[in-house]
1. Counting just the residues of region 40-50 that are in a helix (DSSP H, G or I) and more than 15 Å from the ligand (Cβ to nearest atom), which one comes out surrounded by the most Cβ atoms within 10 Å (Cβ to Cβ)?
2. For the subset of region 371-414 comprising residues that are under 24 Å from residue 431 (Cβ atoms) and within 14 Å of the ligand (Cβ to nearest atom), which member is farthest from the chain's Cα centre (by Cα)?
3. In region 95-108, is there at least one residue being under 30 Å from residue 332 (Cβ atoms), more than 16 Å from the ligand (Cβ to nearest atom) and assigned to a helix (DSSP H, G or I)?
4. Out of the helices (runs of 4 or more DSSP H) lying entirely within region 142-239, which hold 1 or more residues that are modelled with pLDDT of 95 or more and away from the ligand (no atom under 16 Å from the Cβ)?
5. Can you tell me how many residues in region 351-373 are closer than 30 Å to residue 223 by Cβ and modelled with pLDDT under 90?
6. Report the residue count in region 1-34 for those that are more than 9 Å from the ligand (Cβ to nearest atom) and in a loop (DSSP other than H, G, I, E, B).
7. Is it fair to say residue 117 is touching a helix residue (DSSP H, G or I) at 6+ places or on another chain (Cβ under 7 Å) and surrounded by fewer than 23 Cβ atoms within 10 Å (Cβ to Cβ)?
Ligand code: PFF
């Protein structure tokens, strides 16, 4: 029925979409964030809630987001406006696109700073800084980096420039190729690290920490964090996957591609956890060390393994690439919107958004040194002021609300004919399963988590 074309182009194949969407999903969220929030929230039970969220909330919303994107074939703001109009709904639905654009911009501002840490670590590892260094030594190298705003600004600037350049050249050229090579390499290096972790005498303890649930450690805040992380790690709820869907050929199956992307993303996160926690326990480090966790554990492993300088350097290079392919998807929705609505060309649009993100990144940079302050959120103490606020506001609030709105739109406000047409599997069992999830299970799950946090309900 409906098949428009996007003015921004189209992926060359289904595989290209899978790679790009996986490139967006697999990033700092998997390797940096997942281990440290798991560490802060007590391990197993948190991981279990996260996995449940990926299945009952993440995959159905990813399908909804891709189908909305492909049907509209425009930036999220214009797609929501167009589909609302076509389905005879109120134009207010475009607010989903607006909030996504703001969320993307807020996320890129801190994401780029952390990607800058990874960039800095490429050079530290390559020059052998970590060879033979003790756990204390590694920690002090990390602290001296994050408490130096000028150095952080330099790395943040480099990452923002890299991201802006790719977005300014359009998603198709370069990116498809890059992800095709980089993703398998990243995967292999993670396996090398898991191999190293297996040889520490704490591998079992690491596994137990990740996989044996202790529900008494689960606070309402932890449940929200786990759900928020499912959105963050799958790049859901802000229009990144929607815009990637808008470049997806009509013939591709939305269900299969979504499941593949979610599986790969989850696998990378679990492998990262299996590599990191044994090293944490074997070296008497703190699992709840916060955002610096991987920057204090992995260099230890690299500093003590044969070939560590090479593997370590490669690893941080790939981490930068993983962050890069995610970073571009954070800017793309806003850039596409500027191109569509303001008649600006892509290069200008990308530059403008890049500069805005860069400027705002200064807030995060300062939050690790002179602007740092502590506060309590849902029973946990946060130490890095504005950085934590931005993280909570986007991952734990804006993305789940955005995703909720997309699920409700696809499940209740689009006609069954439209969604069935777009998913292309007729009135099959899979379609009905998705429809049920997106109409009832997903919205209820998101709302229950929020109500529980607000203390309205208590389990
Ligand atoms: N999914 C990315 C990660 O796990 O690092 C982060 C991200 C990218 C979040 C794009 C949201 C987004 F739209």
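The values are calculated or read from the model by the stated rules, or taken from the named source; none is laboratory data. Source: prediction; values computed, not measured. Quick reminder, even Gly has a Cβ in these numbers, built from the backbone with ideal geometry, and neighbours come from all protein chains shown.
1. Just the residues of region 40-50 that are in a helix (DSSP H, G or I), to begin with: 40, 44-50.
Keeping just the survivors that are more than 15 Å from the ligand (Cβ to nearest atom) gives 40, 44-49.
On the way: 40: 22, 44: 20, 45: 19, 46: 27, 47: 22, 48: 17, 49: 23.
Result: 46.
2. Just the residues of region 371-414 that are under 24 Å from residue 431 (Cβ atoms), to begin with: 402-414.
Narrowing the set further to residues that are within 14 Å of the ligand (Cβ to nearest atom) leaves 402-403, 406.
On the way: 402: 14, 403: 14, 406: 18 Å.
Applying the filter and picking the extreme gives 406.
3. Looking only at region 95-108, we keep the residues that are under 30 Å from residue 332 (Cβ atoms), and these are 95-108.
With the extra rule that they be more than 16 Å from the ligand (Cβ to nearest atom), the set shrinks to 95.
Restricting the remaining residues to those that are assigned to a helix (DSSP H, G or I) gives 95.
Yes, there is a match, as at least one residue in region 95-108 is under 30 Å from residue 332 (Cβ atoms), more than 16 Å from the ligand (Cβ to nearest atom) and assigned to a helix (DSSP H, G or I).
4. 149-168, 203-211
5. The number of residues fulfilling the criteria is 3.
6. 13
7. Spelling it out, it is not the case that residue 117 is touching a helix residue (DSSP H, G or I) at 6+ places or on another chain (Cβ under 7 Å) and surrounded by fewer than 23 Cβ atoms within 10 Å (Cβ to Cβ).
The rows are residues; the columns are (1) under 19 Å from residue 199 (Cα atoms); (2) within 14 Å of the ligand (Cβ to nearest atom); (3) surrounded by fewer than 24 Cβ atoms within 10 Å (Cβ to Cβ).
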{"site": "270", "(1), (2), (3)": "yes, yes, yes"}
{"site": "275", "(1), (2), (3)": "yes, no, no"}
{"site": "281", "(1), (2), (3)": "yes, no, yes"}
{"site": "289", "(1), (2), (3)": "no, no, yes"}
{"site": "292", "(1), (2), (3)": "no, no, yes"}
{"site": "298", "(1), (2), (3)": "yes, no, no"}
{"site": "301", "(1), (2), (3)": "yes, no, no"}
